[in-house]
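Visitor: Take this structure, written in structure tokens, and hold onto it; I'll ask about it next.
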Amino acid sequence: MNTLLKEALRMPSHTDLQAVFHAFGGRQKEFNWLLTDIVAYSVPILSSLGETSQSSLWLTGTELTQLLTEAERSIQFIWGVLSGFRPEVDIKNQPISVYPFADGNPALWQPGVQIQHPLAEVEIVCWDSGYTLLLSRDQDLTARFRAYFPEAVDLDEYNRSQQS
């Protein structure tokens, strides 16, 4: 299920992953995360990911959660894609066959949006500090996200309405 979060009382600036992970109820730790196309302020290891073509970072869910919770303040992700993989999917030491990206990706705004990496289970897209997109094959993650952010809408329905 695909979800779009445009305005949220619990996330006054997009994309605050601490809020997203709070919505997940800690389930982000069940995944290994590929971070690509990232532009984020105040965190050099993350900010550098958007500076070069196809830069990426692999983190376990625990490492990513720790990075966010140890930050002095909430990290604002301006652009980027966080692709979540089940631990049994081991592609960390292989070349990235599909490089997920947000900035300039028109496919995100078409009905029937798909998770960009075919082996990923979940994808969080940070869109220009204005939107957070959640694409997930995991119904529970989607349900948790939508319960925490009741103002979230179905991304596919939104995309269809924009084409009319």
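Visitor: Tell me which residues come under 5 Å, amide H to amide H, from Ile38 once H is placed; ignore anything under 5 positions away on its chain.
Guide: Those lying under 5 Å, H to H, from Ile38 are Gly50, Val81.
Visitor: Distance in nm between label sites at Ser56 and Gln162, each 7 Å beyond Cα in the beta-carbon direction?
Guide: Each label point is offset 7 Å from its Cα along the Cβ direction, giving 2.5 nm.
Visitor: In deg cm²/dmol, rounded to 500, what helix-only [θ] at 222 nm does the chain give when every DSSP H run of at least 4 residues adds -39500 (n - 2.57) and the total is split over its residues?
Guide: Numbers: 5 runs with 41 residues, N = 164.
Calculated from helices alone, the mean residue ellipticity at 222 nm is -7000 deg cm²/dmol.
Visitor: Moving to a separate point now. May I ask you to derive the FRET efficiency for Ile91 and Leu9 from their Cβ-Cβ distance with R0 = 45 Å, giving the value to the nearest 0.05?
Guide: Computed FRET efficiency for Ile91 and Leu9 comes out at 0.75.
Visitor: Given a 1.4 angstrom probe, what's the average accessible area per residue across the chain, in square angstrom?
Guide: Numbers: 8010 Å² over 164 residues.
In whole numbers, the chain has 49 Å² accessible per residue.
Visitor: Which FRET efficiency value, to the nearest 0.05, is calculated for Glu151 and Gln66 with the Förster distance at 25 angstrom and r the Cβ-Cβ distance? Kindly include the intermediate steps, with their values, before the conclusion.
Guide: On the way: r = 29 Å, r/R0 = 1.16.
E(calc), rounded to 0.05, equals 0.30.
Visitor: Counting only protein heavy atoms and a 1.4 Å probe, tell me what percentage of the chain's accessible area is made up of carbon and sulfur. Mind dumping the intermediate values first?
Guide: Working: 3940 of 8010 Å².
Carbon plus sulfur share of accessible area: 49 percent.
Visitor: Please compute, for the alpha-carbon atoms of the chain, the extent along each of the three principal axes and give them in descending order in Å.
Guide: 42, 34, 30
The values are calculated or read from the model by the stated rules, or taken from the named source; none is laboratory data. This structure is a prediction, so every number in the text was calculated from the model and none was measured. When we count neighbours, we look across all protein chains shown, and the Cβ atoms used for this are built from the backbone with ideal geometry, even at glycine. Note: areas computed on protein heavy atoms with side chains; ligands, DNA, RNA excluded. Shrake-Rupley method; radii C 1.70, N 1.55, O 1.52, S 1.80 Å.
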